[in-house]
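Structure, as structure tokens:
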Amino acid sequence: MNTIISFIIIFGALVFFHEFGHFIFAKRAGILVREFAIGFGPKVFSYKKNETIYTIRLLPIGGYVRMAGEDPEMAEIKPGHRIGLLLDENGIVTKIILNGRDRFPNARTVEVEKADLEHQLFISGYEDMEDDSLKTFQLSREAVIVENQTETQIAPWDRQFASKKLSQRAMTIFAGPLFNFILAVVVFTIISMIQGVPVKEAVFGNVLPDSPAEEAGFQEGDIVLSIDGSEVKTFTDMTSIVRAHPNEELVFTIERDQQTLEIPVVPEKQEVEESEPIGLIGVQAELDKSFSKIALSGFQETYLMTIEIFKLLGQLVTGNFSIDMLSGPVGIYKTTETVVQTGLLNLLRWTGLLSINLGIMNLLPIPALDGGRLLFFGVEALRGKPVDRQMEGVVHFIGFALLMLLMIVVTWNDIQRFFIH
């Protein structure tokens, strides 16, 4: 149950921050946001505030921000259609009723001659069949269309995504991945505030009880100068040497109270799944809890992890990293199950890593992802005009289909890895 709750909270937070980035910058650009959704499929919960519906949907596998003009949204009002109009006290149309006019006794029935719901915002038509005078009704910018008892707000052209400047559209799309990086920075900063920031120097912090380090006589504050004669400059240098020599005696040259000591220790052998065993001696790096270190730590950790992920992506491109090593939702769930057992700080660190992964994956120039859309914006900037929307839609559809195929393959690999083998 702890794993399920943790997985839902982590995945929900990643999706929420990603979509919140899109949402905030869409609002800043003046785009009408119709829906802010976490999950896909049938609605579990919905709440409408102002012009946006906030929903939680059944399948927790993503989310979306539905912006005006992005998809076909409303039935087209054509000449000859008989519709109902509800007017306010100033004679401005507030509701356009396509069917079920009997539910609105005060509605005025009009046979449409011409309508413009985007630019000039009017409907012209004949209100009385015996009166051949053409009447024009002005629409409110917040007017709604009622169809099958569902209300949809009209979107004047200046409230639609496509009407905005290229820079505003690009920033609205880029903001999703950006907020994933911001979440990672916040998470790593919280971790540093709780435990402090490990110093780079090879200085011992906490010496774990009943560990090889304690048995050898190491103490907090010991400075490692060399191991078996090899110079050690950083805690990472020391860790690399220890990991490479499980069950082998190593002689540490350390400085303690301005004295130089040589202390032998045998790293304990630790089995690692799908990898060679490693050596551990049971010491942690010294921690710095100064404000300056903590303030920078979130950015530094996010940067370092981002570099490592890009290195793995490079290996995938060059063939040194197999697709079988990728993980989907099942693999993430199983890893979360393991991390939950190691404590809150590791769970937070795992959340930060996943958030960076989500940000980077979405920035890849793959159709249907944010990076694919940004690529089209780049082409638009070079051409001086947008790419044909129909062609772009086809490319994104093909990209989405291929991504779904990849997801199926990765998920099947996860199932085989964790449940069959």
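The values are calculated or read from the model by the stated rules, or taken from the named source; none is laboratory data. Quantities reported herein were computed from a predicted structural model and do not represent experimental measurements. Cβ atoms come from the backbone with ideal geometry, glycine included; neighbour counts cover every protein chain shown. What goes into the accessible areas is simple: the full protein's heavy atoms, side chains included, and nothing from ligands, DNA or RNA. Shrake-Rupley method; radii C 1.70, N 1.55, O 1.52, S 1.80 Å.
Hey, what's the stretch 66-218 come to in accessible area per residue, 1.4 Å probe, Å²? Don't skip to the end; give the middle numbers.
Working: 8000 Å² over 153 residues.
In whole numbers, the stretch 66-218 has 52 Å² accessible per residue.
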Tell me the angle of helix 370-383 to the major Cα principal axis of the chain, expressed in degrees between 0 and 90 and rounded to the nearest ten. 60
Out of the total accessible area of the chain (probe 1.4 Å, heavy atoms of protein only), what percent is carbon and sulfur? 58
At R0 = 45 Å, how high is the FRET efficiency between TYR47 and LEU134 if r is their beta carbon distance? Nearest 0.05 is fine. 0.60
Dipole magnitude of the stretch 132-261, debye to nearest 20 (Cβ charges: Lys/Arg +1, Asp/Glu -1, about Cα centre): 1400
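Please calculate how many Å² of accessible area the stretch 267-385 carries per residue, with a 1.4 Å probe and no DNA, RNA or ligand atoms counted.
On the way: 7010 Å² over 119 residues.
Value for the stretch 267-385: 59 Å² per residue.
With Cβ to Cβ distances under 14 Å as the rule, what net charge do the other residues near HIS22 carry (K, R +1; D, E -1)? Please list the in-between numbers first.
Numbers: positive: LYS27, ARG28, ARG34, ARG66, LYS164, ARG169, ARG373; negative: GLU19, GLU35, GLU70, ASP370.
Net charge in that neighbourhood comes out at +3.
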Determine Rg/Rh for the stretch 239-342; Rg is computed over alpha-carbon atoms and Rh is the Kirkwood hydrodynamic estimate from the same atoms. 1.05
The stretch 114-189, dipole about Cα centre (Lys/Arg Cβ +1, Asp/Glu Cβ -1), debye to the nearest 20: 900
Relative to the present Cα-Cα distance, how much length would full extension add between THR152 and SER240 at 0.36 nm per residue of separation? 25.6 nm
If I take every Cα pair under 8 Å that is 6 or more residues apart in the chain, average their sequence separation and divide by the length, what percent do I get for the relative contact order? 13
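So if I take the alpha carbon set of the stretch 69-121, get Rg, then get Rh from the Kirkwood formula, what is the Rg over Rh ratio? Can you show the working numbers first?
Numbers: Rg = 11.8 Å, Rh = 12.2 Å.
On the Cα set of the stretch 69-121, Rg over Rh gives 0.97.
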To test your reading of the geometry: what angle, between 0 and 90 degrees and rounded to tens, separates the Cα axis of helix 166-195 from the longest principal axis of the chain? 30
Could you calculate the contour length gain from SER124 to LEU59, that is, 0.36 nm times the residue separation minus the distance between their Cα atoms, to one decimal place in nm? 19.0 nm
Expressed as a whole number of Å, what is the distance separating the alpha-carbon centroids of the stretch 285-364 and the stretch 93-141? 56
If you find the alpha carbon centre of the stretch 231-252 and of the stretch 166-212, how far apart are they in angstrom? 26
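Past the 19 angstrom mark, what percentage of all C-alpha to C-alpha distances in the stretch 295-400 do you count? Don't skip to the end; give the middle numbers.
Numbers: 3355 of 5565 pairs.
Roughly 60 percent, rounded to a whole number.
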How far apart, in nm, are two points set 7 Å out from the Cα along the Cα-to-Cβ line at GLN195 and at ASP102? 6.8
Do you know the Lys pair count in the stretch 16-160 for C-alpha distances under 29 Å, with sequence separation 8 or more or different chains? 13
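Give me D for the stretch 120-256 in µm² s⁻¹, whole number, from Stokes-Einstein with Rh from the Kirkwood sum over alpha-carbon pairs, 10 °C and 1.306 mPa s.
Numbers: Rh = 22.7 Å.
Answer, rounded: 70 µm²/s.
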Reported label for calculated Cα Rg over 2.2 N^0.38 Å given (i) 1.27; (ii) 1.61; (iii) 1.37: (iii)
Residues whose modelled amide H sits under 5 Å from the amide H of GLY221, counting only those 5 or more places away in sequence or on another chain, are PHE204, GLY205
Charge dipole of the chain built from unit charges on the beta carbon (Lys, Arg +1; Asp, Glu -1), centred at mean Cα; most positive-end Cα among LEU374, GLN149, ASN2 is GLN149
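Run the dipole for the stretch 1-158 about the Cα centre, Lys and Arg Cβ at +1, Asp and Glu Cβ at -1, nothing else charged, and hand back the magnitude in debye, nearest 20.
Values: 17 positive and 23 negative charges, 186 e Å.
With Lys and Arg at +1 and Asp and Glu at -1, about 900 debye.
Output the relative contact order of the stretch 78-186, whole-number percent, from Cα pairs under 8 angstrom with separation of 6+ residues.
Working: 180 pairs, mean separation 23.4, N = 109.
RCO, the stretch 78-186: 21 percent.
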